[in-house]
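What follows is a single structure, written as structure tokens, with notes after it.
Read-outs throughout are calculated quantities, based only on the coordinates presented, and are distinct from any laboratory measurement. Note that the coordinates shown come from a computational prediction; the quantities given were computed from them, not determined experimentally. No Cβ is skipped: glycine too gets one built from the backbone with ideal geometry, and neighbour counts run over all protein chains shown.
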Amino acid sequence: MYSFELERPTRLADAVKLLSDSTESLPLGGGQTLIPTLKQRLASPERLVSLAGIAELKGVKTEGGTLTVGGGTPHATVAAEAGAYPALAALAGNIGDPAVRNRGTIGGSLANNDPSACYPAAALASGATLVTDRREIAADDFFQGMFSTALDEGEIITAVRFPIPEAANYQKFEQPASRFALVGVFVAKYPDGVRVAVTGASEEGVFRWSEAETALSADFRAEAVQGLSVPAEGMIGDLHGSKAYRAHLVGVMTKRAVAAAKG
Amino acid sequence: MTQVSMTVNGKAARGDVEGRTLLSTFLRDQLGLTGTHVGCDTSQCGACVVHVDGKAVKSCTIFALEAEGAEVATIEGQANADGSLNVIQQAFQDHHGLQCGFCTPGMVMSAAALLKENPKPSEAEVRDYLEGNLCRCTGYHNIVKAILAASGQDVGAIAAE
Ligand SMILES: Cc1cc2nc3c(=O)[nH]c(=O)nc-3n(C[C@H](O)[C@H](O)[C@H](O)COP(=O)(O)OP(=O)(O)OC[C@H]3O[C@@H](n4cnc5c(N)ncnc54)[C@H](O)[C@@H]3O)c2cc1C
Ligand code: FES
Ligand code: FES
């Protein structure tokens, strides 16, 4: 690792100030992605601003039909406290391993937008709103391709608002070495239609499978996606699975998610 | 350099660290607690698992400064007060839950975290909890057996696969 200063503010306002002055700074969430990145010298900030000590960024609360998760909330807390949105709690409880879940945060996961990460699928399928220190961003506008998001430099995800669906489920076909999703599909049924988000599969990162959404909005049964498929072109192909294999898995995991969907 | 202070295995510990100093480095190189092993240094293997404020974390993937003021528990603090092995450690010995022993500190710390959350886990729950702890020797079976035994459950029924 290159050398850097580590700041640990306890108020959001102080973190925002530290991230906006002239020192080249990055927010540090749980560090479960950023620390390995720093070790590989793939990033060389002059300063890290840890968000872990900021109480106002933590916690899960439900109001009306919306579940709000603080941007600095670890996966383990979401798994334990997001009972109002069971598919989301289950997704969080199945990220990585217990030690990763005790540190890794929702804000870090969404900001990183790893093409195989789980939370991006939940946020996109739920039509979530990402709240930052300066604005609100709809999930549909937030994810902009592998490792790329609408966030500006130094912008902090302070909370994520999930409209709670009538029924939902996330199916993750795990890549056993990394424990990320080889392909993961999140299906969420709302009164105005069904949303289907796919992670792990595309070279463009997380995406909505609109054909399946149309079919499932008309008929919310696994059979409704029978015969539909995503093209292998544009899928990720690597030693863990070919493009065609991933494209096939998208259909399989979507059907499983619909069959398992619960409120 | 910044001074960091924390409680390690019940005793006050302090030292000067850089921003980039990992908790694993602080424990091993500054406090001489080399029971915490660094197997991969890439957050994959779990040999470095310690508890920070009661929660299992990979000490190679948290900075020492982030543990400022925390209660840290490492393998060195696990034995009983009289120096004898604690229930989990003894079960690892009794059930041959280790061979080379490299992964064992992390396994024992993860097992301790599991049994605190879930005192009578099923075999599947033990295996699931150990997802982030890799062992290249045992094939896991005897580790799982040891943890079930440590939880007071009868392991006679778990035949070798
Ligand atoms: C062994 C292992 C297995 C894993 N398995 C999975 C898995 O199955 N599924 C999965 O989805 N993920 C998995 N992960 C990744 C894990 O979920 C990470 O926690 C997550 O990707 C990053 O979150 P973090 O809080 O650790 O962020 P960090 O590593 O601290 O930061 C990641 C990036 O986000 C930025 N950032 C952090 N917080 C914020 C914020 N609030 N606002 C804006 N930017 C921010 C940082 O500057 C950095 O660029 C795994 C990780 C490991 C080590
Ligand atoms: S040394 Fe920390 S996870 Fe392997
Ligand atoms: S006993 Fe050798 S790695 Fe587990």
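Figures for the structure shown
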quantity: Projected-area average for region A:167-262 over all orientations - Cα convex hull basis, square nanometres; calculated: 5.6
quantity: Computed lengthening from A:Ser178 to A:Ala55, 0.36 nm per intervening residue step minus Cα-Cα distance; calculated: 41.2 nm
quantity: Under 21 Å between alpha carbons - lysine pairs in chain B that sit 8 or more apart or on different chains; calculated: 7
quantity: Candidates B:Ile143, B:Ile88, B:Ile62: whichever shows maximal mean-square fluctuation once chain B is modelled as a Gaussian network with Cα springs under 10 Å; calculated: B:Ile62
quantity: Mean separation of Cα contacts under 8 Å, 6 or more apart, over the residue count of region A:47-197: relative contact order %; calculated: 22
quantity: Inter-label distance, nm, simple model (7 Å from Cα along the C-beta direction), A:Ala80/B:His96; calculated: 3.7
quantity: Nearest-0.05 FRET efficiency for A:Glu136 and B:Thr7, computed from C-beta distance (R0 41 Å); calculated: 0.50
quantity: Pairs of lysine residues in chain A - Cα separation under 23 Å, sequence separation of 8 or more or cross-chain; calculated: 10
quantity: Fluctuation leader among B:Ser24, B:Ser43, B:Ser122 - chain B, Gaussian network, Cα springs under 10 angstrom; calculated: B:Ser122
quantity: Debye log10 I(q)/I(0) for chain A, one point scatterer per Cα, at q = 0.07, 0.12, 0.17 Å⁻¹; calculated: -0.23, -0.68, -1.30
quantity: Debye, to nearest 20: dipole size of chain B, +1 on Lys, Arg Cβ, -1 on Asp, Glu Cβ; calculated: 120
quantity: For region A:58-104 versus region A:228-263, the gap between their alpha-carbon centres in whole angstrom; calculated: 25
quantity: Expected 222 nm ellipticity per residue - DSSP helices of 4 or more, -39500 (n - 2.57), all of the protein assembly as shown, to 500; calculated: -7500 deg cm²/dmol
quantity: Chain A - share of DSSP beta bridges that are antiparallel (%, nearest 5); calculated: 85
quantity: Chain B: angle of helix B:141-150 to the longest principal axis, Cα-based, in degrees nearest 10; calculated: 80
quantity: Charge sum, other residues only, whose C-beta stays under 12 Å from B:Tyr129's C-beta, Lys/Arg counted +1 and Asp/Glu -1; calculated: -3
quantity: Computed over chain A: relative contact order in percent, which uses C-alpha pairs under 8 Å that are six or more apart; calculated: 15
quantity: Region B:8-92: C-alpha pair distances exceeding 21 Å, %; calculated: 26
quantity: Separation of alpha-carbon centers, region A:108-151 and region B:23-40, rounded to whole Å; calculated: 36
quantity: Neighbour-count order for B:Arg14, A:Arg246, fewest beta carbons within 10 angstrom listed first; calculated: B:Arg14, A:Arg246
quantity: Likely footprinting exposure, A:Thr129, B:Thr138, B:Thr74, A:Thr105, fewest C-beta neighbours within 10 Å first; calculated: A:Thr129, B:Thr138, B:Thr74, A:Thr105
quantity: Cα-centre dipole for the protein assembly as shown with unit charges at Cβ (Lys and Arg positive, Asp and Glu negative), debye to 20; calculated: 560
